[in-house]
Every structure is written in C-alpha cells, then in structure tokens.
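In what follows, a structure is listed as structure tokens, so that the remarks can point back to it.
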Amino acid sequence: MLNRVSSVDLSSKKFGLYSKSNSKKVQNNATNSVSFGGNYKSVPINKLTNAYIGYNGVKFASTVSFTGGGSLYYAFEELNKSMATCKDEAHGMKGEVVGSRIPVSELLARFKDDLPRVDDTIKTTIEIARNNDEVTEARMGIKKDEGRNTTFEMNVRNQRPISKIASNLSDTKQNIKITLQPYGIEYDANHNRYIKGTEESAYVLNTKGNLMAVVEDGDNVLLTDTGTLIKKDVKDGALNIRATKDKNVFRPFEVKDNPVVTSKKGGSQGGGTELVIGLEDGRFVPEIIDSISTFCEKVNNGEIVLDEFKPAKNADKMQIAMLAGGFGSRAEYTNASSSRIFHNKKNGSNLTKGCFRTATGLTPMETTFISLHKAGLLDCSKGNIGIGKNIKFYLNDSGINGGNGGFTVDMYDTMARDNRKSLLILPNDAMSRIPVSLNKMNEIMNSGKAAVVMVAKEVDKEDARGSLGIMKINKDGEIEAFAEKPKEFEEGYVDKNGKCFANTFQFVVSKEAFDVLKYLEDYLPSNSSGKEPRDWSKTFTPILMAITRNDDFEKMQKEIEKATKVKIDKSALSVAKDILGDQKIYAVKSSEPWADCGTLNALYHTTMQIASGEFPLEDFERKRVLDSVNTETGLVASSPEQKMEIESKYDIDGQIMAVPKAKEVSPDIVDKYEDAIVKYSDKH
C-alpha cells in the first residue's frame, strides 16, 4: 500500500540517490533508493526530492525510475489516494483490504503538465494481493509518447512466495494499458475533470489481485480483462483500452437456431414454500427489494415466461433463506463498477451485485428463482409470486455480525413458519440452474436421515486450489471430510482425472440440526467477537460433522476443538447427539451449471459463459442473449438496445461486458413493502 510522506519529514530522514550504474548494489538493502538516467547534477534537486517523497514508504517497490526532469510527486499522490482500503468498520470488517481502484482518466489528466518530455516515465511496484505467505505484485507506469498520448500501463506478476525475489516482467499474467489521446484536458471551477470530446472515465479495479479495466460512458459501464476498446471518434479525443490475460478468452459460437418465445400453459397447481431474503440493515436493502420487485413485475407482465409450477413433495415443510448484501467483503466490493464507489462509507455502497443484470436480463438472484420454480419449491407463476405473498425479508438491525452462520440462525429463529422441518440456504451471488439437484436434496431431507444436505459441484482441482472448499463423499453419499480452500490436496479428495467436489454453499439444514446449534449456543464464540465467529464452513459444519460421525464423545470433543478451537463439554455433546439421532451429513453430486459470482470478475466471466452458450437457458433468456451479444467482436451487453449504443461508439475486439450503471433507489421502497419485512428487533 502506498503511503504519503510529507515534505516536513525530510529534515529527520537520511536518504541516498543512486545512479543507474550502482542502483542494483543497494536495491536489496535500501528501500529509499531512486534510480535515474543521466547526470543527476543537471536535474533540479526539487525534482529528486519530490521523487523521494513519493517513493519513500512504498513498502514493496524496488525502484522508481525516470529519465530527465519530470516531477513524480503528483503521480504518487494520486496512486496513494486510488489504492485506498475499502473499510466498513461499522459492520465488523475492521479495515480489511478487499480491493482498490485507480481512476486512470483523472491520473492521466493530472499529468498533462507533469510529463513535459517525450521520454519521461514514472514506475512503481506495488502489492495488490496477499494470500497467507504469498504475494501478487503489479508494476505500474505512466508515460507520454511522441504524439499527444499519455498511457497508463499495469503489469501483474504471477503470485510468488514473500521470501523469494520478485520475478521479472516476462512472468506476467495480466496486462492493462489505457491510452488517452486528449484534445484538451482541463479542470473546471469545481475541480472536476473535463476532457473535450472524451467524457468517459477509465478505471483499473483490483479485487484481491484480479484486475478489470472499466470505462464509464454515460449510463453504461464497460468491463474487460481480455479485450480492446477503441473509441471511434478520434477527432476530439480518444480513450483506448487494451487488456490481456492468460486465460478465459471469449469463444464466439455459432447460432444454430434462434428460439421463438411462445406463450406456455403456465399457471400453478398451488403449494410450494416461502422465500426469505436475508438483509443486513444499512447495506443494499432498498436496491435488493427494488430488484426483486422488478422480477415479480416481469413475471406478471409476461416478459418472463415459465412452465406450470408443480410443487415438490413436502415443499411446504421447507423454508428457503437467501443471503443477500450481508456480511461478506465481496458484497461491498463487487459494486465497484460504477463511479459511486464510496471507500470508508459506513453503510456500504448503494449499489449491489444483486442488481447487476447479465445478458439474460436477469440478475444471479433471479436466475436462482427460476431454478427453485423448476424444482417445485418456489411458485414463481404469474399472479402467484410477489413480495408479501411468498417472498419476505428478514432485516438484521441488531448491529451484531455473527458471520453467515450466525446470520442464518437469527433468520431461522425470527422468521417463524408453521410445520417447518428444514431450511434451504442459498447465496444471492451465484448463477445456478440446478433443479434436479434441488429435488434430490429435498428427497434426502424428507427421508429424515439427514442433518445437512449439500450440493457438491465437480470441478478441476486447480480451480479449487486455494479458492473453494472441497469434500470427500463416500458411496452412500455421506460427507466424510472437508478441506477448506486447500493449497495442497490430501489423499481421497481428488480422483484420477484431477477432479474434486466443491462446496457451492447451497444446502438444506434440518430442524434438529438448528436445535443442536441453539442448544450449544453458550459454548460458541460471542456473536460480536469478530467478523465470522459463526461461519457455516468454519464453525457450524465441523461441529455437526463431529457429532454425526462419532459415538465416542471424547473423540467428538477433540475433533471439534481441533477444527474450531471451541471446547464443548462431553455432557452437552451427549444431549446434542440425542437430538440429532442417526442423522448424517450428505452431499448431492451435481453436474448442473453453477458459478460463483461473488466478485465482479467472477460475474464477468460467468456472463461470458452464458454468452458462449455454455449455460442452459429458458427460451426467453436465450432469445435475449442472442439479441444482446455480438459473437464476432465479443461484446456482451445486457440488452439489445445497449449493444447498439456501445457499438456505435467503439471498435471492439475480445471480451467486453456492458451493464447499465446502477441507479440509486429511493428508500421509500422499504416503506412500500413494510408489511413483508420482519426485523430482528421486532422479535428480540
């Protein structure tokens, strides 16, 4: 992280300036070295001083190089601001670094006077992600060429152990280059940037080491990590983006048929269950309610066309909980596609990933609604779906952050439902079309033999390494062991084809399992002791696994303490065992499509999968995708109208995703649906 250094510090600091010939000698033991070309005596000392001020305190830089006398101070001042930490201390995140952004247009505009010479360049290396003992770094540079262009370039190196010396730039996994060809760059009386003929804003977004190049153009947001955007009108200025990455290249597909959307029988046989959307007070509440209200309107006006709803057996005895805009840092940072990014805003951004629409016209959350309808669990038929009918909201206004587990237990206790036997828990940030798997989960839970049933998705082990929790599943479908985001794989997790089963955070929990967690409440960490003291993967599931798989209470106790650092009395474990009886933890092996969209990068790549025809869709969805995608250039828009607008302005080559800039939603919508919202404080 770049740290600003005031010039007043210079009097108490000793620093050295080294020429190119000897800078390597001191590089390894001096973090305050500046390398430069030419005779330093001919360079005004204030230029070198400014370079040092900007450079000193850059923890992971090796050199800052420049040729000639260009001032570097403003470069580092802007980079200091732009690499800000996202914080949400009011909600327990305590300043966790979840991402950062560089406002490239503003940065380059600042340098219209600061890079007067053709060969001036400023460079720095900065850490952009850290995972345990490994680090990912990026080399950033700003340069002005022989024309009027100013270019910002960012090269991301492959992850390396912290103990090892950084690799050279040939070992690059990603590159983003943004060139501004200005006709004129000025600041108005309010210090707002103005570029004649080029009103777009360009950003580089960093989400834990994954970069996206972003352009805001009017009401549109364009994103890419493997594409090229070149503005067609170069008379008055141009903003050109070139981004490359070593994988996930968009694959154009041949359209074999263009589906005709016809009216279906539709209707409903009645039945189904109730969906509760879990919300954290102050974060995304109006936007998510508005998004779901829009979905219901589309169903009722015939824009979303579904088959007749046929209820699954005992669907009415299940309740569905979907976690939306809650405790995760991902929910905060995925919204960084818009200029309305507010670092340090206590209530989070007013934009939510739940409201980003893909080329299908649906959000990830709404895609899951259709899966629930097809599985016979949630009736999304015309006239039957609605906020207050079968969709309600749980608003946690307690200020207590207990992680997703604590959040769900609060929801389970607060949202009472007659005859409820189980709770199906789903994320709002996944694209899934898994009706067959949902039916199998329901069947196993109805058998009475399951405490928990999870959906396990088969993935390549390299896709799971360090990013997905994986599991061992025996021939009876029981889960025998978990490994949370492993870097190395123990025997039994990976098959001979290099495949393993990943946790998709889609699972159903029995009433008895919730009773056990409630009974063991006094042994668990304080509900306000940290960010995730009661996480399903880290706390609740290991406890339930140990209880269901052991009859020896001492062994049970040791397993729980080893996995969670929680020590539970053997007498309490005996009671818990009696409550669960013979219930076990099971997994449904799924080959149906599922994709985690918990970060903006993940949502982007899932949208590309949809556009490439790799995701099964309903006819009305596929028709919209085919009308919103250019299979030759790689542009994937969220509507046909947006596609036409973007293509009229830019030459495109590669993966470009376009979404409408999210609008701020009036908080009045919360009052409109007040009767469908139950608050934590109403029941406690």
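Nothing in this text is a laboratory measurement; each read-out follows from the coordinates by a stated rule. Nothing here was measured: the structure is a model prediction, and the numbers come from that model. Using ideal geometry, Cβ is built from the backbone for each residue, glycine included, and neighbour counts are taken over all protein chains shown.
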> Among 637-649, 363-375, 218-230, what's the highest-first ranking by average C-beta atoms within 10 angstrom per residue?
Replying inline: 363-375, 218-230, 637-649
> What is the sum of charges around Glu561, taking Lys and Arg as +1, Asp and Glu as -1, for the other residues whose C-beta is under 12 Å from the C-beta of Glu561?
Replying inline: +3
>> Which of Ile470, Ile176 has the fewest other C-beta atoms within 10 Å, and how do the rest follow up to the most?
In response: Ile470, Ile176
> Do the alpha carbons of any pairs in Lys164/Lys487; Lys173/Lys232; Lys143/Lys231; Lys264/Lys440 sit beyond 24 Å of each other, and which pairs?
Replying inline: Lys173/Lys232; Lys264/Lys440
> To one decimal place, what Kirkwood hydrodynamic radius in Å is obtained for the range 549-684 from all pairs of distinct Cα atoms?
Replying inline: 20.8 Å
> Taking a threshold of 26 Å on the Cα-Cα distance, which of the pairs Lys538/Lys577; Lys389/Lys457; Lys499/Lys538; Lys538/Lys558 fall above it?
Replying inline: Lys389/Lys457
>> Expected output is a single nm value to one decimal: the length gained when fully extending between Gln159 and Lys298, i.e. 0.36 nm times separation in residues minus the C-alpha distance. What is it?
In response: 45.6 nm
>> For q values of 0.13, 0.26 Å⁻¹, compute log₁₀ I(q)/I(0) with the Debye formula on a Cα-only model of the range 609-674, without solvent.
In response: -0.48, -1.09
> Which Rg and Dmax, in Å, describe the Cα atoms of the range 434-592?
Replying inline: 15.6, 45
> What's the extension gain from Lys487 to Glu521 if we count 0.36 nm per residue and subtract their Cα-Cα distance?
Replying inline: 9.0 nm
